[in-house]
Amino acid sequence: MLNVEEGIKHLQSSGAKITSQRVAIMRSLGDRHDHPSAEKIFLELKPKFPTLSIATVYSTAQLLAQASMIRILSIYEKKVFFDPDTTPHAHFMCTRCKKIIDLRANYELKVRLKPEDEIFCIDNTEVFHYGLCSECVSL
Ligand SMILES: [Zn+2]
Ligand SMILES: [Zn+2]
């Protein structure tokens, strides 16, 4: 989960200006367990910050992602989604309602690319699954 204090420290150390808009974006990301799109964050904060631009949402998210404080998911070609949960997990997207669900597996992934290679221990992976969610499959 995104810690807003740490987020502010990181943005400061990377030379970004700390504005009330950026703090609001971090708060909004810190408080949630879904995978909001940039547009969703933008529309939620726009009434309070009329001068907010979607570019500010993106640039703030990018700075946070560089510090591994959030993940940016390119699960869907038309939009990016932000994930404040940086623990290793995969994602499922429903192709009908576009809902994104976290998938967790309790396994240690060890991979050899070729038989003679060393074993790589992988501690994070980006896996996207697509299909119909339980609600859409019964429609
Ligand atoms: Zn669905
Ligand atoms: Zn997730």
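Would you mind telling me which numbered condition in (1) within 16 Å of ligand 1 (Cβ to nearest atom); (2) buried (at least 16 other Cβ atoms within 10 Å of the Cβ) Leu45 fails?
(1)
Filter segment 60-77 for residues that are in contact with a Lys or Arg (Cβ under 9 Å, 6 or more places away or on another chain) and either part of a loop (DSSP other than H, G, I, E, B) or more than 16 Å from ligand 1 (Cβ to nearest atom) (or both); which is nearest to Glu126 (Cα to Cα)?
The qualifying residue nearest to Glu126 (Cα to Cα) is Ala65.
If you take the residues in segment 124-139 that are among the hydrophobic types (A, V, I, L, M, F, W, C) and away from ligand 2 (no atom under 13 Å from the Cβ), which one is surrounded by the fewest Cβ atoms within 10 Å (Cβ to Cβ)?
Here the answer is Leu139.
For segment 1-45, which helices (runs of 4 or more DSSP H) that fit wholly inside it have 3 or more residues that are of a type in the set (D, E, K, R)?
Because the criterion is at least 3 residues that are of a type in the set (D, E, K, R), the helices (runs of 4 or more DSSP H) in segment 1-45 that meet it are 4-13, 38-45.
Test each condition in (1) in a loop (DSSP other than H, G, I, E, B); (2) buried (at least 19 other Cβ atoms within 10 Å of the Cβ); (3) of a type in the set (Phe, Trp, Tyr) for Phe82 and report the one that comes out false.
Looking at each condition in turn, Phe82 falls short on (1).
Yes/no matrix, rows are residues, columns are (1) part of a loop (DSSP other than H, G, I, E, B); (2) at pLDDT 90 or above; (3) under 23 Å from His33 (Cα atoms); (4) of a type in the set (D, E, K, R):
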{"position": "Arg96", "(1), (2), (3), (4)": "yes, yes, yes, yes"}
{"position": "Ala105", "(1), (2), (3), (4)": "yes, no, yes, no"}
{"position": "Leu113", "(1), (2), (3), (4)": "yes, no, no, no"}
{"position": "Cys121", "(1), (2), (3), (4)": "no, no, no, no"}
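The values are calculated or read from the model by the stated rules, or taken from the named source; none is laboratory data. Quick caveat: nothing in here was measured; it's all calculated off a predicted structure. Don't worry about glycine lacking a Cβ; one is built from the backbone with ideal geometry, like all the others, and counts go over all protein chains shown.
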